Amino acid sequence: MKDTKFWLQLLLSAVLGIGGTSLLVAFKEQLPELFYNIFLYVVWSVVVVKLTDLMFGGLIKRLTDWIKKKQRQRTRRKTANRLFDKWLDLTKLIEEVISNDWKPNEDQKHKYFDFHLWFTANRSRYLSSWYEFDRLRTDMAHDSIYWDSTRDIGYEVFRENYKDPFSYFYAPLSIEHLCHILERRQAGEVRIVMSKLTELTLEFVRWTRLE
């Protein structure tokens, strides 16, 4: 114990300098031995923490930032993959309804409402990343053919709803309402727009993997 205290005093004196040594001497003369020992260990603990922060603080911060970045990337990729899967399932459902002359059955009605709830609940998870992706991507040569005219469904989906193009298909509260909107369009036109949005979603998934 005495050896330990001796070395602690010596090390603290070396670290704190002449002023620190004088302080240690003053406290040793004024404090009972027990309180002086406690004081000695507390000061040493503070010095160790400060020295560690000076020596490794930058490294620790960089490591912490790197870990947080990786966690954000994993979350973004997981969200993008989930969005892609849900969108594919929704397009499959819409395709089934189109093939049935816009007459959904009860099971399809329930499935659509589940999609409506999922997209509504999760839109905040994917929209910020989607908007960044849409802003940074370079348009392909054939992109504009779907939205040249304001009368086209492509214009409504990709221009008017550019921040969340999926909302055109999931926002209605019921599939009957969606059918009322879509049956005014040519089925082929609807399929083309859904196919284009599927391509964009797949591109979005790949974009999240390149970060």
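The values are calculated or read from the model by the stated rules, or taken from the named source; none is laboratory data. Values in this document were obtained by computation on a predicted structure and should not be read as measured data. Using ideal geometry, Cβ is built from the backbone for each residue, glycine included, and neighbour counts are taken over all protein chains shown.
Before moving on, here are some points about what is shown:
- Note on segment 154-197: residues that are in contact (Cβ under 8 Å) with a residue 40 or more places away in the chain, out of contact with any Phe, Trp or Tyr (no Cβ under 8 Å at 6 or more places or on another chain) and either buried (at least 19 other Cβ atoms within 10 Å of the Cβ) or under 18 Å from Phe133 (Cα atoms) (or both) amount to 2.
- Residue within segment 162-176 that is outside any helix (DSSP H, G or I), among the aromatic types (Phe, Trp, Tyr) and more than 30 Å from Arg74 (Cβ to Cβ) present: no
Residue by residue, here is whether (1) surrounded by 13 or more Cβ atoms within 10 Å (Cβ to Cβ); (2) modelled with pLDDT of 90 or more; (3) farther than 23 Å from Val205 by Cα; (4) assigned by TED's automatic domain parsing to the domain that holds Phe204 holds:
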residue: Asp89; (1), (2), (3), (4): yes, yes, no, yes
residue: Ile98; (1), (2), (3), (4): yes, yes, yes, yes
residue: Ala141; (1), (2), (3), (4): no, no, no, yes
residue: Tyr146; (1), (2), (3), (4): yes, no, no, yes
